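Participant: Sharing a structure with you now.
The values are calculated or read from the model by the stated rules, or taken from the named source; none is laboratory data. What you are looking at is a predicted structure, and each value in this text was computed from that prediction instead of being measured. Counting neighbours? That spans all protein chains shown, and the Cβs are built from the backbone with ideal geometry, glycine included. The protein model used for the area step is the full one, side chains on, heavy atoms only, and it has no ligands, DNA or RNA in it. Shrake-Rupley method; radii C 1.70, N 1.55, O 1.52, S 1.80 Å.
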Amino acid sequence: MNSHSASTLVSDPRVSEMVGRAVCMTGSARSGTTLAGTLIHSMRGVEYSFEPATLTTLFLHLDRIPVEAWKLIYESYVFEELMLNGLAGRFMNLNPHDDSSILRAKPYSEVFGRFEKSGRFASLFDEGLQRTIAYKLPNVVSRIPLLRQIYPATRAIVMLRHPDPVVNSMDRKGWYVPSPLSYRDCGILSAVDGQLVPPMLPESDARNG
């Protein structure tokens with residue numbers, strides 16, 4: 001027997017606790033998640049990520065991956081990739097014209113001050129444990145109950161907006177036109193009876209639709 005076959009990989013309990021208190025913002029597209037996310041990002045001690053694609057994929061597989069494995073991937077990504085790299089000044093969006101730019105939420109002095117210090121893991125680790133991580137993931141409302149089962153302290157913010165202005169906003173954006181659904185529409189797709197559909201749609205509804 002392989003000596004590692006019976007081992008279990010676990011996170012640092014301090015990281016698990018910190019990640020377990022994350023703020024998850026969701027809601028339908030065009031419901032105000034971007035505006036609310038910028039507001040949360042402006043709060044002191046908050047690191048924020050705008051629609052991280054890896055988390056979207058993880059959420060879609062929340063009930064398909066063994067819980068302990070899912071937790072390890074989730075905690076590693078949220079703490080090391082989003083929190084620590086944010087504090088180290090890596091992968092920050094500095095485009096002031098983009099909705100997800102950190103410059104829309106944090107003072108210039110704080111943003112550029114991150115380039116003036118060393119991104120040593122030890123110092124960032126301790127600082128990261130004292131901060132709050134928040135992220136925005138549209139269209140994962142159905143996964144929030146599963147997430148809360150694993151992390152009861154997770155704070156979920158669900159944006160609600162009347163369907164009429166949501167649809168009108170999507171129409172003005174030109175998002176939905178008479179063309180086949182593509183990867184670009186939602187980042188990941190499911191194949192049902194030879195047609196591509198969003199993976200959040202139950203298979204029974206996809207077949208009936």
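Participant: Which percent of Cα-Cα pairs in segment 47-126 sits in each 5 Å bin, short to long?
Facilitator: In whole percents, the pair-distance histogram is 3, 13, 21, 21, 16, 13, 8, 4, 1.
Participant: Of 138, 49, 113, whose Cα points farthest to the positive end of the dipole of segment 1-141 (charges on the beta-carbon: +1 Lys, Arg; -1 Asp, Glu; origin at the Cα centre)?
Facilitator: Most positive-ward Cα: 113.
Participant: How far apart, in nm, are the 7 Å Cα→Cβ label points at residue 103 and residue 42?
Facilitator: My value for the distance between the label points is 1.7 nm.
Participant: Considering only protein heavy atoms, with the full assembly of protein chains and a 1.4 angstrom probe, order 31, 123 by accessible area, largest first.
Facilitator: 123, 31
Participant: Rounded to whole Hz and in sequence order, give me ³J(HN,Hα) for segment 106-116 from the Karplus expression 6.51 cos²θ - 1.76 cosθ + 1.60, θ = phi - 60°, writing x for Gly and Pro.
Facilitator: For segment 106-116, the Karplus-derived couplings read 10, x, 4, 4, 6, 4, 7, x, 5, 7, 9 Hz, x marking Gly and Pro.
Participant: Would you mind getting me the FRET efficiency between residue 111 and residue 196? Use the beta-carbon distance for r and R0 = 45 Å, nearest 0.05.
Facilitator: Rounded to the nearest 0.05, the efficiency is 0.70.
Participant: Between residue 57 and residue 142, what is the label-point separation in nm under the 7 Å Cα-to-beta-carbon projection?
Facilitator: In this crude spin-label approximation the distance works out to 2.0 nm.
Participant: Sticking with this one: Using the C-alpha gyration tensor of segment 1-150, what are the square roots of 5 times its eigenvalues, in whole angstrom, with the largest one first?
Facilitator: 27, 21, 12
Participant: Give me the extension gain from residue 16 to residue 35: residue separation times 0.36 nm, minus the current Cα-Cα distance, reported in nm with one decimal.
Facilitator: That pair, residue 16 and residue 35, stretches by 4.0 nm at full extension.
Participant: Can you list residues from other chains, or at least 5 along the same chain, whose modelled amide H is less than 5 Å from the amide H of residue 156?
Facilitator: Under 5 Å from the amide H of residue 156: 24.
Participant: Sticking with this one: Using Cα pairs under 8 angstrom and six or more residues apart, how large is the relative contact order of segment 1-160, in percent?
Facilitator: Once normalised by length, the contact order is 48 percent.
Participant: Checking the cross-link filter: which lysines have an alpha carbon closer than 28 Å to that of residue 71, excluding same-chain neighbours under 8 positions apart?
Facilitator: Filter leaves 136.
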